[in-house]
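Below is one structure, written out as structure tokens, with a few remarks after it.
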Amino acid sequence: MNGTVKPIEWRGGALRLLDQRRLPVEIVYVECSTDEDVGDAIRTMVVRGAPAIGVCAAFGMALAASGAQKAGHHVLRAVREAGERLRQARPTAINLGWAINRMLRLMQGSEEGALVEILEREAIRIFDEDLAANRRIGAYGNELLKQKITVLTHCNAGALATSGYGTALGVVRAARDSGKKISVFANETR
């Protein structure tokens, strides 16, 4: 992300989240090593924004699989239970339910011994897909903007609400990066 703050980082066995409750005064990260940690981060609004919540839920499912395997527990059962716990962290979050359902569907017909790797790869794929979609939104939106423009945004989603680029503010970033002169009035943002 070219030197910008990363709101979500997967560190192969742990999820590192920028604590949005502490912004803009401090940059503090929360380490999540279990699905319970991820659920708590979602519930207490460490992480905000529908895309970011979905990405985190996917990593929470991967953490549940890994933790169950390390403890010698039934992985499939542990991941299903984690999905229900995560779903309760923010029941109205559409992307949360979507990501959980995607991870659960992926497990159908998979060998239990392969689930940890399968779920980690899928969580990374969800993260990458969100980032790519954000960049496409930015590119498409940039094409619509004049060389010099002022934009008013409300309840827009920036990098902190996504895997790291932004949807509505992704358009602004893309315009700036292409050399356009853009001014922004943001009356609410993340």
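The values are calculated or read from the model by the stated rules, or taken from the named source; none is laboratory data. For clarity, every value in this text was computed on a predicted model and none was experimentally measured. Backbone-built Cβ (ideal geometry, glycine too); neighbour counts: all protein chains shown. Heavy atoms of the whole protein, side chains included, go into the accessibility calculation; ligands, DNA and RNA do not. Shrake-Rupley method; radii C 1.70, N 1.55, O 1.52, S 1.80 Å.
Residue count for segment 99-120, restricted to those that are over 12 Å from Ala65 (Cα atoms) and within 21 Å of the chain's Cα centre (by Cα): 6. When Cys155 is tested against (1) modelled with pLDDT of 95 or more; (2) open to solvent by 40 Å² or more (accessible area, probe 1.4 Å), exactly one condition is not met: (1). So in segment 47-76, with the set limited to residues that are touching a residue at least 24 places away in the same chain (Cβ under 8 Å) and not in a helix (DSSP H, G or I), which one is surrounded by the fewest Cβ atoms within 10 Å (Cβ to Cβ)? Per the stated criteria, the residue is His74.
Just so you know, in segment 77-97 the residues that are crowded, with 16+ Cβ neighbours inside 10 Å, among the hydrophobic types (A, V, I, L, M, F, W, C) and part of a helix (DSSP H, G or I) include one that is farthest from the chain's Cα centre (by Cα), and it is Ala78. Glu117 falls short on exactly one of the conditions (1) under 27 Å from Ser33 (Cβ atoms); (2) of a type in the set (D, E, K, R); (3) outside any helix (DSSP H, G or I), and that condition is (3).
Can you find a residue that is closer than 14 Å to Glu120 by Cβ, open to solvent by less than 70 Å² (accessible area, probe 1.4 Å) and free of Cβ contacts under 8 Å to residues at least 60 places away in the same chain anywhere in segment 14-21? Yes, some residue in segment 14-21 is closer than 14 Å to Glu120 by Cβ, open to solvent by less than 70 Å² (accessible area, probe 1.4 Å) and free of Cβ contacts under 8 Å to residues at least 60 places away in the same chain. Evaluate segment 111-127: report whether one residue or more is touching a Pro at 6+ places or on another chain (Cβ under 7 Å), buried (at least 19 other Cβ atoms within 10 Å of the Cβ), within 17 Å of Gly170 (Cα to Cα) and modelled with pLDDT of 95 or more. Scanning segment 111-127 turns up no residue that is touching a Pro at 6+ places or on another chain (Cβ under 7 Å), buried (at least 19 other Cβ atoms within 10 Å of the Cβ), within 17 Å of Gly170 (Cα to Cα) and modelled with pLDDT of 95 or more.
Residues of segment 1-59 being of a type in the set (Asp, Glu) and over 21 Å from Arg135 (Cα atoms), which ones?
Asp19, Glu26, Glu31, Asp35, Glu36, Asp37, Asp40, listed by residue number.
For first residues located in segment 104-132 and hydroxyl-bearing (Ser, Thr, Tyr), partners that are assigned to a helix (DSSP H, G or I) and lie 6+ apart or on another chain with Cβ distances below 8 Å form the pairs Ser110/Ile118.
Any chance segment 140-152 includes a residue that's among the charged types (D, E, K, R), buried (at least 20 other Cβ atoms within 10 Å of the Cβ) and touching a residue at least 12 places away in the same chain (Cβ under 8 Å)?
No, there is no match, as no residue in segment 140-152 is among the charged types (D, E, K, R), buried (at least 20 other Cβ atoms within 10 Å of the Cβ) and touching a residue at least 12 places away in the same chain (Cβ under 8 Å).
Scanning segment 170-179 for any residue that is part of a strand (DSSP E or B) and either aliphatic (A, V, I, L, M) or touching a Gly at 6+ places or on another chain (Cβ under 9 Å) (or both) turns up nothing.
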